[in-house]
Amino acid sequence: MTELIPAPRGAVTGAGEVRLTRHSRLHAGTGTERVGRWLGAALRQATGLPLGEGREPGEAEGGIGLRLRPGLGPEEYRLVSDGNGVLIEGGGAAGVFWGAQTLRQLLGPDAYRRAPLGRDRSWTVPYLTIEDGPRFRWRGLMLDVARHFMPKEGVLRYLDLMAAHKLNVFHFHLTDDQGWRIEIERHPRLTETGSWRARTKTGHRASPLWEDKPHGGYYTQDDIREIVAYAAERHITVVPEIDVPGHSQAAIAAYPELGNTDVIDTTSLSVWDTWGINPNVLAPTDNTLRFYEGVFEEVLALFPSEFVHVGGDECPKDQWQRSETAQARIRELGLADEDELQSWFIGHFDTWLAERGRRLIGWDEILEGGLAGGAAVSSWRGYAGGIAAARAGHDVVMCPEQQVYLDHRQDPGPEEPVPIGWVRTLEDVYRFEPVPPELTPGEARHVLGTQANLWTEVMEDHARVDYQAFPRLAAFAEVAWSPLPAPEARDFADFERRMAAHYRRLDALGVAYRPPTGPLPWQRRPGVLGRPIDGPPPSR
Ligand code: TNX
């Protein structure tokens, strides 16, 4: 019937339809004005209808009405389309906003366009009543802009795509070995030096091929403010990630004193040009701590998010083992080993963030050697880290790489462009369950939600990011939002049926998704691309 994605909790259809005309009005009641401005702008540009302001507070008047309704949860909404028009009521402005997204889907794919296709088109909404609200409060997408930079406009576009799928947490992976992407005023070389690399490995890290041209870019603090405000208008929280103590070669290339200078000559390091786990990690010195406190001070001023991500993943301990400075620190702190040194490092920022009213979140390696109190975990190496963290009373975001790493290939065939990692098809993602059955209901309450991750080693531009993200992100959105049954019992055929309508929406949005049927575009011309470069799964 309504072909909504993600599927609502409940929908009852009636007979008849609301028709929006040149006389239809849009009224936004108290507390919903910003949603009204967003919806009005989106629908006016797509339909060309004037949608003037309504008069009666909260009344649809045959047009569209928005209002708050006490008693609903902050993200819950109720949409009623009947002889009075379309009325969207939400527990909070966020609920009204998600209801507005549903309305846009009900109006048909052309409601996603940025200019009207013709004046004579009719715009109708079937009579129905929808009661809806999210399963999880953290419905995330992580975008890695370090491996390949995505200019600001592309990020804003992704925020729109997230909103269209009712996703509400944008995890912004801003720093890594291959690039530092956020302006830090007190440490200008982070972007002057750290945001550009001379060349880039093409394909999998074992590939012999290089792209011999510089790659880089960064966001100024004004860009970041714009991104955060744009997200907030769409009820999306931006969680910044500054990776410590591993994945830091770009920072060390800019400020060599941040590295383990008693082990290697860090002045010889440049921004990394290939992929994998990098041995050049931060030195556990007071200087490094003060430097990053300065970084985080600027980060906190830009991002209002409760959570701040500090990375914490893939920190090889070899340099710390060989470093006299690191070993002296281990002795001085009375620590058992290098794993505990990593915990101490993370624990420092946990306390530091808590003192400033924020909460630390990190990849599940932050569990090794003892988890810092109050910290939350992004469980990426499967479910195990998340289960251990939840049992210890820590909040968890489930994002296991075996299930929701969208950089991994989505088809077993040899034609996937640069097919890395495990095969995870659209159906696999649809059957992903964020809450592992071994958790008790009490432990499961620590699962804040789930997140799909887009690592961009093999995604050099928007189109490649789109191809990896879609259509799987639509299935993921339904997993995160809708009250689906157990994985085996999910009706994938029904999802695919609704996807037929959703592909038309993605077309209107200009998304370069992986085509669901028929030969892939390049298969029609065999030999154009050649055999892609591959490594054995689960390669990275
Ligand atoms: C593992 S997920 C990583 C990333 C890579 C990704 C590729 C995580 C915390 N670390 O650095 O980009 O695999 O799939």
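The values are calculated or read from the model by the stated rules, or taken from the named source; none is laboratory data. Being a predicted model, the structure only gives us computed values, none of them experimental. Virtual Cβ from ideal backbone geometry, glycine too; neighbours counted across all protein chains shown. Accessible surface is based on the protein model in full, side chains and every heavy atom, while ligands, DNA and RNA are left aside. Shrake-Rupley method; radii C 1.70, N 1.55, O 1.52, S 1.80 Å.
May I ask you to list the residues in the range 177-196 that are among the aromatic types (Phe, Trp, Tyr) and touching a Phe, Trp or Tyr at 6+ places or on another chain (Cβ under 8 Å)?
Residue satisfying the conditions is Trp180 alone.
Search the range 353-364 for residues that are not assigned by TED's automatic domain parsing to the domain that holds Thr175 and surrounded by 15 or more Cβ atoms within 10 Å (Cβ to Cβ) and pair each with any residue that is not in a helix (DSSP H, G or I) and not small (Gly, Ala, Ser) when their beta-carbon atoms are under 6 Å apart and the residues are at least 6 apart or on different chains.
No pair meets every condition.
Of all residues in the range 278-314, how many are over 21 Å from the mean Cα position of the chain (by Cα), open to solvent by 10 Å² or more (accessible area, probe 1.4 Å) and within 16 Å of the ligand (Cβ to nearest atom)?
Residues in the range 278-314 being over 21 Å from the mean Cα position of the chain (by Cα), open to solvent by 10 Å² or more (accessible area, probe 1.4 Å) and within 16 Å of the ligand (Cβ to nearest atom): 2 in total.
Quick check on the range 140-172: of everything there that is open to solvent by 10 Å² or more (accessible area, probe 1.4 Å) and acidic (Asp, Glu), which residue is farthest from Thr191 (Cα to Cα)?
Asp160
Hey, which of the helices (runs of 4 or more DSSP H) in the range 399-513, taking only ones fully inside, have at least 1 residues that are more than 27 Å from Gly133 (Cα to Cα), assigned by TED's automatic domain parsing to the domain that holds Lys201 and within 15 Å of the ligand (Cβ to nearest atom)?
Ranges flagged: 401-404, 462-469.
Which ones in the range 374-398 are within 13 Å of the ligand (Cβ to nearest atom) and aromatic (Phe, Trp, Tyr)?
Listed by number, the list holds a single entry, Trp380.
Checking the condition in contact (Cβ under 8 Å) with a residue 60 or more places away in the chain, charged (D, E, K, R) and open to solvent by 30 Å² or more (accessible area, probe 1.4 Å), which residue from Arg431, Arg472, Arg445, Arg424 passes?
Step by step, each of Arg431, Arg472, Arg445, Arg424 is checked, and only Arg431 is in contact (Cβ under 8 Å) with a residue 60 or more places away in the chain, charged (D, E, K, R) and open to solvent by 30 Å² or more (accessible area, probe 1.4 Å).
Scan the range 355-368 for residues that are among the aliphatic types (A, V, I, L, M) and at pLDDT 95 or above and report the count.
2
Counting only residues that are over 30 Å from Ala15 (Cβ atoms), give me the strands (runs of 3 or more DSSP E) lying completely in the range 82-200 with at least 1 of them.
Filter on the range 82-200 gives 138-144, 169-173.
Can you spot a residue in the range 188-209 that is more than 29 Å from Gln342 (Cα to Cα), open to solvent by less than 10 Å² (accessible area, probe 1.4 Å) and at pLDDT 95 or above?
Yes, the range 188-209 has at least one match.
Being among the hydroxyl-bearing types (Ser, Thr, Tyr) and assigned to a helix (DSSP H, G or I) narrows it down to one residue among Thr261, Thr267; which is it?
Thr267
Given (1) aromatic (Phe, Trp, Tyr); (2) surrounded by 22 or more Cβ atoms within 10 Å (Cβ to Cβ); (3) in contact with an Asp or Glu (Cβ under 9 Å, 6 or more places away or on another chain), identify the lone condition not met by Phe345.
Here Phe345 meets the rest and fails (3).
Looking at the range 126-141, which of its residues are over 25 Å from Glu306 (Cβ atoms) and under 27 Å from the mean Cα position of the chain (by Cα)?
Ile130, Glu131, listed by residue number.
Among the residues of the range 264-277, which ones are under 19 Å from His215 (Cα atoms) and either surrounded by 22 or more Cβ atoms within 10 Å (Cβ to Cβ) or within 24 Å of the chain's Cα centre (by Cα) (or both)?
The answer is Val271, Trp272, Thr274, Trp275, Gly276.
Please determine, by comparing only the residues of the range 389-403 that are surrounded by 19 or more Cβ atoms within 10 Å (Cβ to Cβ) and not hydrophobic (A, V, I, L, M, F, W, C), which one is farthest from Arg139 (Cα to Cα).
Checked the range 389-403; the qualifying residue farthest from Arg139 (Cα to Cα) is His394.
Quick one: count up the residues across the range 231-253 that are away from the ligand (no atom under 16 Å from the Cβ) and either touching a Pro at 6+ places or on another chain (Cβ under 9 Å) or free of Cβ contacts under 8 Å to residues at least 60 places away in the same chain (or both).
Residues meeting the conditions: 4.
Check whether at least one residue in the range 232-247 is over 23 Å from the mean Cα position of the chain (by Cα), farther than 30 Å from Ala163 by Cβ and not in a strand (DSSP E or B), and report yes or no.
There is no residue in the range 232-247 that is over 23 Å from the mean Cα position of the chain (by Cα), farther than 30 Å from Ala163 by Cβ and not in a strand (DSSP E or B).
Would you check if Asp339 is of a type in the set (Asp, Glu), modelled with pLDDT of 95 or more and closer than 21 Å to Leu289 by Cα?
When the stated conditions are applied, Asp339 does not pass them.
Considering only residues that are open to solvent by 60 Å² or more (accessible area, probe 1.4 Å) and either among the hydroxyl-bearing types (Ser, Thr, Tyr) or assigned to a loop (DSSP other than H, G, I, E, B) (or both), which ones fall in the range 212-231?
Asp212, Lys213, Pro214, Tyr218 - these are the residues of the range 212-231 that are open to solvent by 60 Å² or more (accessible area, probe 1.4 Å) and either among the hydroxyl-bearing types (Ser, Thr, Tyr) or assigned to a loop (DSSP other than H, G, I, E, B) (or both).
Restricting the search to the range 1-37, which residues are touching a residue at least 60 places away in the same chain (Cβ under 8 Å), more than 23 Å from Arg121 (Cα to Cα), open to solvent by 50 Å² or more (accessible area, probe 1.4 Å) and not in a strand (DSSP E or B)?
Matches in the range 1-37: Arg9, Arg34.
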